[in-house]
Amino acid sequence: MPRGWWTRRSNYFWYIVREFTSLPLALWLLWFLLEIRRAQDGPSGYHPHSSLGFVIFSVIVLLFALYHSVTFLSLAGAILHFNVADRPIPSQLIVLSQFAAWAAASVVVGFVLIYFAR
Amino acid sequence: MNAELPLSHTVGEGQGEGRHRHKPAIAHLFWWFMFAQGGVLAAILLPVHILIQGILGPLGIVPVVDRHYDTWANVLGNPLVKLYLLVLIAFPFFHFAHRLRYLLVDLGVPAARGVPAQIVFYGGAVAVTLGTIYILLTTVPISFG
Amino acid sequence: MTATKRITIKATRFDPDKDEKPRLQTYEIPFSDDSMVVLDALNYIKGHVDGSLSYRWSCRMGICGSCGMMVDGVPKLTCNAFLRDHWPRPITVEPLNNFPVIRDLVIDMDDFMHKLKAIKPWVIRKQPVPLGGGAFVQTTAQIDEFRQFSQCINCMLCYAACPVYGLNNEFLGPAAIALARRYNVDSRDEGLGQRLPVLADAEGVWECSFVGECSVVCPKGVDPAKAIQQTKLDTTMRFVLPFGNRD
Ligand code: SF4
Ligand code: FES
């Protein structure tokens, strides 16, 4: 197997991108852990992150996160199989329900993050 | 009688079958399970956190809990929030550890397949989990208010 | 009167007695008929240009699974790869990726044969039913469970497309796992316990990282990638669920 095998076909390339999404996501979560830790600094010492560099970093991570979500949920949906009354549920329906769960979770989390800021 | 002997070589264990011992790989099963769970959680929870806490909040477009000490500390004290944050941070790291290990294999580092690499990567995820528990327990005391 | 079109075929040549490593040889042949496939081109070369060119084929109709080769870098059945999709560009024909080359376009398929045998691709019964014991009755729903996986023609295109197999030949691989699943989900079969040690081995399903290219190249729509992930899921559930069946 030549080292650059994954550059030879676009499917291979996008597979590697899919695996790579872990790295930016992991870095962002480590930052998030720091954000939690900074609450220890007390009311006067607490300065939340707001540099432009951080926002740009988050935008890039968000692109990877969306790619992870779309690929993971569609692939997971395609392999799950349930039977109802001896008939398999069409996999499009399972994928759709995964995306619905994603949307619902996003709305709930977004609501909590914004509502409790007041 | 003798004529049957050669025939006996054509049944049963063939070449290749005995090349490696087949033992059920329970460890692989467990790490794959964690990988799958972490992948689902990362997929449905991370984008909204990144969007709101990483982009909209810092830009001041919407108010967000972590922008002010009072609201952030208030939320962090809630035990349910602590539990949620543990799940949100720890589980995806098992997903990341698994994927990054396989990514290394794909990029031509066969050593990433071995047990030492497994210890490093999955051990790393365990370390992040323990670190998260420590931070969550020590940063803001649990309050039910 | 127009002259017949011509097409350039670059085919791998390798004679283990003479050559150090495989090389490409260029042939220019008439492209007389729009229905010509790559296999026709190879047959033309063998019949009219160079009788020593070696390759496998038999049925010419996508059934026997013996004519798989890399066509412009993509594993394909050459009897199902039309010249018209490539003309006027030249076509490169190489032996299947990830297998040792024996001669020209012929690969050594022993490894795949061993793997196929290891998963016992036949219906296993704990108690053999005597011939007079009546028929196995299956509903259409039970047949639908495994029907797609049973379409495999053992062409090995999926192995040629699989980087995981390319990186580690010990990996059981797409078709073998798809065929194992074909029998595991067959309502007549009772051999799961015998196949599981091979499937759930470290070099079995766990090695797969779901590149998914096997399912893209499969000429029979088998979807081995799905079979592998479902096997991972089922195997995990057997251990995770408290009353999982662990026979
Ligand atoms: S699964 Fe498809 S590509 Fe693989 S050997 Fe069978 S028919 Fe060929
Ligand atoms: S010659 Fe039989 S499948 Fe192509």
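A few notes on this one:
- Set of aspartates and glutamates with alpha-carbon distance to C:Lys115 below 16 Å, sequence-local pairs under 8 removed: B:Glu13, B:Glu17, C:Glu170, C:Asp201, C:Glu203, C:Glu207
- Top of C:Pro128, C:Pro90, C:Pro100 by mean-square fluctuation, Gaussian network on chain C, Cα under 10 Å: C:Pro128
- The mean count of C-beta atoms from other chains within 10 Å of the C-beta of residues in B:63-75, rounded to a whole number, is 6.
- Positive-end extreme of charge dipole, the protein assembly as shown - chosen from C:Ala41, B:His68, A:Phe13 (charges on Cβ): B:His68
- Which listed pairs, of C:Lys18/C:Lys76; C:Lys5/C:Lys76; C:Lys10/C:Lys117; C:Lys10/C:Lys232; C:Lys76/C:Lys226, have C-alpha distances above 31 Å, in listed order: C:Lys10/C:Lys117; C:Lys10/C:Lys232
- Given charges at beta-carbon only (K, R positive; D, E negative), |dipole| of the protein assembly as shown in Debye: 340
- Accessible area per residue, Å², region C:110-240 with all protein chains present, probe 1.4 Å: 38
- For region C:11-163, convex hull volume per residue from C-alpha positions, Å³: 184
- Sorting the segments B:120-130, C:104-114 by their mean number of nearby beta carbons within 10 angstrom, highest to lowest, gives C:104-114, B:120-130.
- Using a 4.7 Å Cβ-Cβ cutoff, the cysteines of the protein assembly as shown lacking any partner cysteine are C:Cys67, C:Cys79, C:Cys152, C:Cys155, C:Cys162, C:Cys208, C:Cys218.
- Among the DSSP helices (H) of chain A, those spanning at least 20 angstrom by Cα along their long axis with an average Kyte-Doolittle hydropathy of -0.5 or more are A:22-37, A:52-79, A:91-115; this is a geometric and hydropathy rule only.
- Radius of gyration and maximum dimension Dmax of region A:56-118, Cα, Å: 15.6, 51
- Translational diffusion coefficient of region C:110-240 (Stokes-Einstein, Kirkwood radius from Cα pairs, 37 °C, 0.692 mPa s): 217 µm²/s.
- Enclosed volume per residue, in Å³, of the convex hull spanned by Cα atoms of the protein assembly as shown: 231
- Burial order of peptide ranges B:104-115, C:209-220 (average beta-carbon count within 10 Å, highest first): C:209-220, B:104-115
- Packing order of peptides A:69-78, C:59-68, highest average first: A:69-78, C:59-68 (average count of other Cβ atoms within 10 Å over each peptide's residues).
- Normalised Debye scattering of region B:21-117 at q = 0.18, 0.24 Å⁻¹ gives log10 I(q)/I(0) of -0.93, -1.23, counting only Cα atoms as equal scatterers and leaving out solvent.
- Spread of Cα-to-Cα distances over 10 Å intervals beginning at zero, given as percent, for chain A: 11, 26, 31, 20, 10, 2, 0
The values are calculated or read from the model by the stated rules, or taken from the named source; none is laboratory data. The shown structure was predicted, so the numbers you read here are calculated from the model rather than taken from an experiment. Note: ideal-geometry Cβ built from the backbone for every residue, glycine included; neighbour counts use all protein chains shown. For accessibility, only protein heavy atoms count, side chains too; no ligands or nucleic acids. Shrake-Rupley method; radii C 1.70, N 1.55, O 1.52, S 1.80 Å.
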